[in-house]
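See below for the structure under consideration.
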Amino acid sequence: MAPYGNFNPRIVVLVATVRALKYHAGVPADSLNESNPRVAVLGMANLRKHYENIDKFNVPCIIALNRFPSDTDAEIQAVVKAAEDEGMNIAPVDIFRLGGEGGLELAEKTAEIIARATGHFRSLYRWDQPVEDKIFTVASKIYGAVSIDYQPLAKRNLDLIKKFGFDKLPICIAKTQQSLSDNPSLLGLPSDFIVTVREIKIASGAGFLIPVTGEILRMPGLSKAPAAYHIDIDDDGNITGITAPGDA
């Protein structure tokens, strides 16, 4: 499609962790350090959905299973085997502990996938579709939503978007990163949920629309008095105004 120009990504590297998989399986945050290979595999429903979503764009994917110090060999091996049994590309990554050597398997597998890839990127929707259709396409095909609830402000925004000719822009949905839905408490692979659009921002300079969903604080999210106001450096190179971790 013309609006995308020559945009054609060769591969997507999907980063995952054993800790995140266990969290999506219902393990409390304060228990994530406890080894549990079975639960880590059970939590792969969320990861599987992300992998399938990337395939919708006709782009190959590889999972980079980023290892934390608390992860055990049994957990890493269980997740890698489960993913490979389902035909997913995956490689454990331990760069934090081993440096570049810890990323060699990922690099080699990524290069192999790119070498044999023949597909071309395809979009989920046409830019000239109605804004509501574009939003529902993403919410249903990527998140798994069954419907969209437009709040009063969002409906007024839609009217303005159409009136001033911004309705042909693509969309970039602002949503919690903690769930496939717009509700951070819905972990794993939620279904039959409704996405609530509170408002739709027009980023005319960047060239896209921003449907704001759920209760989310958009970046930058800075205070009225950023810490930078209190940071200084003297002629001798001494820096003041920075609080070290644990000192606050």
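The values are calculated or read from the model by the stated rules, or taken from the named source; none is laboratory data. Fair warning: this is a prediction, and the values are worked out from it, not measured in the lab. Heads up, the Cβs are rebuilt from the backbone with ideal geometry, glycines too, and the neighbour counts pull from every protein chain shown.
When you look at Leu209, is it assigned to a strand (DSSP E or B), touching a residue at least 60 places away in the same chain (Cβ under 8 Å) and on the phi < 0 side of the Ramachandran plot, yes or no? Yes; evaluated as a whole, the condition is true for this residue. For Ser70, the conditions (1) hydroxyl-bearing (Ser, Thr, Tyr); (2) within 21 Å of Gln177 (Cβ to Cβ); (3) at pLDDT below 95 are fulfilled apart from (2).
Yes or no: Ile200 surrounded by fewer than 18 Cβ atoms within 10 Å (Cβ to Cβ) and either assigned by TED's automatic domain parsing to the domain that holds Leu47 or not aromatic (Phe, Trp, Tyr) (or both)? In short, no. Looking at region 204-248, which of the residues that are under 30 Å from Ile161 (Cβ atoms) and of a type in the set (Ser, Thr, Tyr) is modelled with the lowest pLDDT? Among those residues, the one meeting the criterion is Ser204.
Of the candidates Ile216, Ile135, Ile194, Ile239, the single residue that is crowded, with 18+ Cβ neighbours inside 10 Å, of a type in the set (Val, Ile, Thr) and either touching a strand residue (DSSP E or B) at 6+ places or on another chain (Cβ under 6 Å) or not assigned by TED's automatic domain parsing to the domain that holds His50 (or both) is Ile135.
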